Number of protein chains: 2
Amino acid sequence: MRVVTIPSKGRLELAERPKPKPVDDQVLVRVAAAGLNRGDLWQLAGGYPPPADAPQDIPGMEFAGTVEAIGPAAKRLKVGDRVYGLVGGGAQAEFVAAVEGHCAIVPDGLDLVMAGAVPEAFITAHDALFTSGGLRDGQSILIHAVGSGVGTSALQIGKAKRCKVAGTARSPEKLARAQELGLDTAIEIPREVDAAQLIELMRPVAGSINAVLDLVGGDYLAADVEAAARRGVIVMLSTIGGDLAKVNLRTFMNKRLTLRGTTLRHRPKAEKEEAVSDFARDLGPLFASGALRPVVETVVSLDNMLDAYELLRSDKTFGKVVLKIV
Amino acid sequence: MRVVTIPSKGRLELAERPKPKPVDDQVLVRVAAAGLNRGDLWQLAGGYPPPADAPQDIPGMEFAGTVEAIGPAAKRLKVGDRVYGLVGGGAQAEFVAAVEGHCAIVPDGLDLVMAGAVPEAFITAHDALFTSGGLRDGQSILIHAVGSGVGTSALQIGKAKRCKVAGTARSPEKLARAQELGLDTAIEIPREVDAAQLIELMRPVAGSINAVLDLVGGDYLAADVEAAARRGVIVMLSTIGGDLAKVNLRTFMNKRLTLRGTTLRHRPKAEKEEAVSDFARDLGPLFASGALRPVVETVVSLDNMLDAYELLRSDKTFGKVVLKIV
């Protein structure tokens, strides 16, 4: 089978590999499409190794496709099912072996290629908002990097749950597109901004936010604390804006805030299974009805995968970049 | 009635005041003893105003005593009951009016003066460990300032729940006394220490702690992150060591940690009621059996209240300073 591979740090190539065999409770999926993620760029740069039980040199953490074969302990799925799901790595390939419990049925009416853009972004957003963030319907959310895959997903989920959604981005174009998806409060962040300026920019939502989804980190944490309502929750999902952050613990304490750090890729199998099944149960019907849809900047064929990576790196995308495999 | 009063910032005097009347669901308590808290020092310094519905110039957030009269909507307590509990202020007085739901019955066998040292420390520690910290029996705890009122309470609760308890203090004497209470791992913190040194000092417990009770803040946060196990919870209860803290968000995220800020004094009435009743239900039997006991550095009479405040300020106390009122 054809695969994307990282033969060494910083190099990205197409290669031929033997088709994996589904063992235990795995299923073999013929991949239709695989979404790209920032984690793929980090892996390419050598800084984000996949879990030990995943292919080490084939990137790809999510996929959509058709079940081709069933492992001996798999019970729920059958050959021919349209599925999407998560793997520790190896999804950017014609076939991938995935744990059955990390797959969900693709709702009717959702195109299989577009479905490749769903799992990472929507499972992460759903888990962050509800499991980590404790969000309840109708509350207020702030999403940093609202134009990202996770951002556009969280925005749509928030609107589907009657939440008031504020979002930040560095470009007015991304914010305008987010407003088309229902964004209530758009906050443009200029380049070269410090913590004090970020705090000032939070003025329209200061003290009002029940759950912050922070995909930036660094100085944004100070802004999160400012934006948060009493007993608000800040969910830290990425630190692309800096690993080190300053926080005013006195304010944090007086507002009785919660900061949670979370990642999806390195969770134990059972916890990942729970996140996938929570997502499928809660959001499946919303995909079926069209209330949710993956926001896809572009679909790129496997042959042009270098372009897809280049585009992702540009930070100019709104929503996801999807690799069409078949 | 005689009261301690703060007539102006930094001044502390004894004065005469009219006896309060219990309204609504309040009870009037003849105070036997009132524990001193660091919050009293902050209030004296002008930086920690009591809630609006509490006496503004009479300090005291906890008390033990005997019910003297019942408000019209109070249902559970009766005249003569031995009670201890929380108020927003006003406890350092011969009588205090307290919300019935913020009082609990003092277990038989617990001396009423010693009981005055219990509420703030044990309710705070219990709420921090279980409600905020999500601690389960048998897990590992790290307590900063283990010799404080909250620290010695959390240590005893931890040992009663079969937890492994590590603790820090600035003096070997305090650590030795904490070891007598069952402290498993004692970590002495030198004066003038920075974040890097604090991280280094966490080596004996690095990566092993399920719940950190941080009563210091500032640079200690970096040490908390180092000490925490995967999915650990850091509960921030005080920032005496500094309001501003640096945190490595990448590590925080990869360990999937939670940081919670919490305070007791400014909670809404119903939430405070819940904390008090959780404490009474869970710890009442342990006080009755003698498994828990308030750690009291000294009991000072009302006439010598200036000495009590001076002693608290000295930071040389192990456990609580209690003002004996009657």
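The values are calculated or read from the model by the stated rules, or taken from the named source; none is laboratory data. Quick caveat, the model's predicted, so the values are computed rather than measured. Positions of Cβ are backbone-derived with ideal geometry, glycine not excepted, and every protein chain shown enters the neighbour counts. Ligands, DNA and RNA are excluded from the accessible area calculation, which covers all protein heavy atoms including side chains. Shrake-Rupley method; radii C 1.70, N 1.55, O 1.52, S 1.80 Å.
Restrict the check to the range A:147-170 and report whether at least one residue is charged (D, E, K, R) and either under 24 Å from A:G71 (Cα atoms) or in contact with a Phe, Trp or Tyr (Cβ under 8 Å, 6 or more places away or on another chain) (or both).
Taking the range A:147-170 first, the residues charged (D, E, K, R) are A:159, A:161-162, A:164, A:170.
Applying the additional criterion that residues be either under 24 Å from A:G71 (Cα atoms) or in contact with a Phe, Trp or Tyr (Cβ under 8 Å, 6 or more places away or on another chain) (or both) yields none.
No, there is no match, as no residue in the range A:147-170 is charged (D, E, K, R) and either under 24 Å from A:G71 (Cα atoms) or in contact with a Phe, Trp or Tyr (Cβ under 8 Å, 6 or more places away or on another chain) (or both).
Please work out if B:G138 is buried (at least 24 other Cβ atoms within 10 Å of the Cβ) and outside the structural domain of B:P18 (by TED's automatic domain parsing). Spell out the reasoning first.
Details: buried (at least 24 other Cβ atoms within 10 Å of the Cβ): no; outside the structural domain of B:P18 (by TED's automatic domain parsing): yes.
Spelling it out, it is not the case that B:G138 is buried (at least 24 other Cβ atoms within 10 Å of the Cβ) and outside the structural domain of B:P18 (by TED's automatic domain parsing).
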Single residue of the range A:1-26 satisfying the filter (closer than 25 Å to A:I70 by Cα and acidic (D, E)) that is least open to solvent (accessible area, probe 1.4 Å): A:D25
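Being of a type in the set (K, R), assigned by TED's automatic domain parsing to the domain that holds A:R281 and under 18 Å from the mean Cα position of the chain (by Cα) is true for just one of A:R76, A:R38, A:R82. Which residue is that?
On the way: A:R76 fails: under 18 Å from the mean Cα position of the chain (by Cα); A:R82 fails: under 18 Å from the mean Cα position of the chain (by Cα).
Unique residue meeting the criteria: A:R38.
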Take A:Y48 and tell me if it is open to solvent by 20 Å² or more (accessible area, probe 1.4 Å) and not assigned by TED's automatic domain parsing to the domain that holds A:S148. yes
Tell me the residue from A:R313, A:R230, A:R281 that is within 14 Å of another protein chain (Cβ to nearest Cβ), over 20 Å from B:L257 (Cβ atoms) and either surrounded by fewer than 20 Cβ atoms within 10 Å (Cβ to Cβ) or acidic (D, E) (or both), please. A:R230
Has the range B:176-195 got any residue that is in contact (Cβ under 8 Å) with a residue 24 or more places away in the chain and within 14 Å of chain A (Cβ to nearest Cβ)? yes
Would you pick out the residues in the range B:173-194 that are in a helix (DSSP H, G or I) and among the basic types (K, R)? B:K174, B:R177
Top-ranked residue in the range A:203-227 [being facing chain B (nearest Cβ under 10 Å), open to solvent by less than 10 Å² (accessible area, probe 1.4 Å) and not hydrophobic (A, V, I, L, M, F, W, C); ranked as nearest to B:R267 (Cα to Cα)]: A:D214
Return a yes/no flag: does the range A:280-293 have any residue that is of a type in the set (K, R) and not assigned by TED's automatic domain parsing to the domain that holds A:R191. yes
Just the residues that are open to solvent by less than 20 Å² (accessible area, probe 1.4 Å) and not in a loop (DSSP other than H, G, I, E, B), please, taken from the range A:51-67. A:E62, A:F63, A:A64, A:G65, A:V67
Give the residue that is farthest from the other protein chains (Cβ to nearest Cβ), with candidates limited to residues of the range B:251-265 that are at pLDDT below 95 and in contact with a Gly (Cβ under 8 Å, 6 or more places away or on another chain). B:R265
State which residue pairs qualify: first residue closer than 20 Å to A:V87 by Cα and aromatic (F, W, Y) and inside the range A:275-304, second residue open to solvent by 50 Å² or more (accessible area, probe 1.4 Å) and modelled with pLDDT of 95 or more in any location, beta carbons under 8 Å apart, and separation of 6 or more residues or different chains. none
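Looking only at residues that are on the phi < 0 side of the Ramachandran plot and more than 7 Å from chain A (Cβ to nearest Cβ) in the range B:233-250, which one is most open to solvent (accessible area, probe 1.4 Å)? Reasoning before the result, please.
Kept after step one, since they are on the phi < 0 side of the Ramachandran plot, are these residues of the range B:233-250: B:233-241, B:243-250.
With more than 7 Å from chain A (Cβ to nearest Cβ) added as a condition, the list becomes B:233-235, B:237-238, B:240-241.
Values: B:V233: 20, B:I234: 0, B:V235: 0, B:L237: 27, B:S238: 10, B:I240: 92, B:G241: 48 Å².
My answer is B:I240.
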For the range B:99-110, state whether one or more residues are within 14 Å of the chain's Cα centre (by Cα), of a type outside the set (S, T, Y) and in the same structural domain as B:K269 (by TED's automatic domain parsing). no
Would it be correct to say that B:V276 is more than 7 Å from every other protein chain (Cβ to nearest Cβ), touching a helix residue (DSSP H, G or I) at 6+ places or on another chain (Cβ under 6 Å), open to solvent by less than 10 Å² (accessible area, probe 1.4 Å) and at pLDDT 95 or above? yes
